[in-house]
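Everything below concerns the one structure shown next.
The values are calculated or read from the model by the stated rules, or taken from the named source; none is laboratory data. Note that this is a predicted model, so its numbers are computed, not measured. In this analysis, Cβ positions are derived from the backbone assuming ideal geometry, glycine residues included, and neighbour counts consider all displayed protein chains. These accessible areas exclude ligands, DNA and RNA; they are computed on the full protein's heavy atoms, side chains included. Shrake-Rupley method; radii C 1.70, N 1.55, O 1.52, S 1.80 Å.
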Amino acid sequence: MSTAPDPLHALARTHLPPDLADRWIALLRPAAHLRKAEPADPVVGRLGGLPRLPEGVDWPVWEGHGPLPFVAAVDCAALPRETLDVPLPADGRLAFFYYGDEDDDALVDTADPDTWAGARVLHLPPESATAPERPAPAGLTPFPEVPLTVRTGPSAPDFDSLALTAAFGEDELPDAFKRAVWSHQSGVAHQIGGHAQSVQTAVEIVVAHGALGGGDLSWEDPRIEKEAEGWVLLAQLDSDEDADVMWGDGGALYWLIRPDDLAAGRFEKAMFTWQCC
């Protein structure tokens, strides 16, 4: 685990007047940034492969469609819980599953509760680390396994996020600064906690819309922004060539949760959304 010098502070100081830089830096949130582990790196999780599910834990299934492919798992005890601002479990592993069958037109839609079974996050007990790998259900081909290590560091809010709008109002940030931040954020971006890097609409807004009923609910409903304030990013899992995963056209998977549900271990309350270009 490493803590690298923070380039986001430097970008703000380079491109923004001091008062705007201070305001923007104050919005940064700590995140556990995950990347492919090199041989000397400590491993905190992995993309793909087969999950280690303890006896009595079934492989998640979306009834009427089939088993959910295993996407990733992280070891909670190996994550930098003390530096994050979300109450992660002290131990056990978080395992993420998502139904992304290219041969099936079914999609998980945050606005349609009938599809929510197509994405799951399980909090597995610590002893699951020594459980045997569960063979994949018939017809399911695992993604290639990629070990993950972690770097702790700040994460930036999207430029159309509620947090940024509240802090800056009508003050417009320079295009050169936006381009510099986007360049810094380019590449594969897996992370636990922090600000999500939304591909389209802020994922907090999308989840809030679904939590309030989705369907025909107007996106202009004033309750949505208030509801969105109550959700935090649990995990963002990006498209990744090393694991042979591509979510749509260069998209990402997101799991969000309310902080009180996270603290209480109610992972069944987490909500999922995905976005692509």
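The table that follows gives values for the structure above.
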item	result
Relative contact order %, the range 7-275, counting alpha carbon pairs below 8 Å whose residues are six or more apart	24 percent
Prolate/oblate/rounded label for the range 36-176 (Cα gyration tensor, a/c 1.5)	oblate
Residue-wise HN-Hα coupling along the range 83-88, computed from phi with Karplus coefficients 6.51, -1.76, 1.60 (Hz; x: Gly, Pro)	9, 8, 10, 10, x, 5
Accessible area of Ser218 in the full protein assembly, 1.4 Å probe (Å², nearest 10)	60 Å²
Top of Ala208, Ala180, Ala235 by mean-square fluctuation, Gaussian network on the chain, Cα under 10 Å	Ala180
For the range 103-159: rounded, prolate or oblate by the Cα gyration tensor [a/c cutoff 1.5]	oblate
GNM top mover of Pro174, Pro137, Pro259 - the chain, alpha-carbon springs below 10 Å	Pro174
Max mean-square fluctuation residue, GNM over the chain, Cα-Cα springs under 10 Å, options Arg35, Arg52, Arg179	Arg179
Positive-end residue of Phe143, Val74, Ser239, charge dipole of the chain with Cβ unit charges	Val74
Rounded to whole Hz, the Karplus (6.51, -1.76, 1.60) HN-Hα couplings of the range 233-250, x for glycine and proline	6, 8, 8, 10, 10, 8, 4, 8, 5, 4, 9, 6, 10, 9, 8, x, 9, x
Of all DSSP beta bridges in the chain, antiparallel share, percent nearest 5	95 percent
Rg/Rh ratio calculated on Cα atoms of the range 1-90 (Kirkwood radius)	1.12
Residue order for Cys276, Cys76 - accessible surface, 1.4 angstrom probe, largest first	Cys276, Cys76
Within-14-Å neighbourhood charge of Asp75 [Cβ basis; K, R +1; D, E -1]	+1
Förster radius 22 Å - calculated FRET efficiency between Ser183 and Asp41 (Cβ-Cβ, nearest 0.05)	0.35
Amide H contacts of Ala72 (H built 1.01 Å from N, under 5 Å, at least 5 apart or other chain)	Gly48, Phe96
Surface share of carbon and sulfur [accessible, 1.4 angstrom probe, percent] for the range 7-275	50 percent
Per residue, in Å², the accessible surface of the chain once ligands and nucleic acids are set aside, probe 1.4 Å	48 Å²
Inter-site label distance for Glu145 and Asp260 at 7 Å from Cα along Cβ, in nm	4.0 nm
20 °C / 1.002 mPa s Stokes-Einstein diffusion coefficient of the chain, Kirkwood radius on C-alpha pairs, µm²/s	110 µm²/s
Amide H contacts under 5 Å for Ala37, placed H, 5+ residues apart	Leu148, Thr149
Restricting the range 43-136 to GluC sites (Glu not before Pro) in coil, as DSSP defines it, with at most 13 other Cβ within 10 Å	Glu55, Glu63, Glu102, Glu133
Value at 222 nm in deg cm²/dmol, rounded to 500, when DSSP H runs of n ≥ 4 in the chain each add -39,500 (n - 2.57)	-5500 deg cm²/dmol
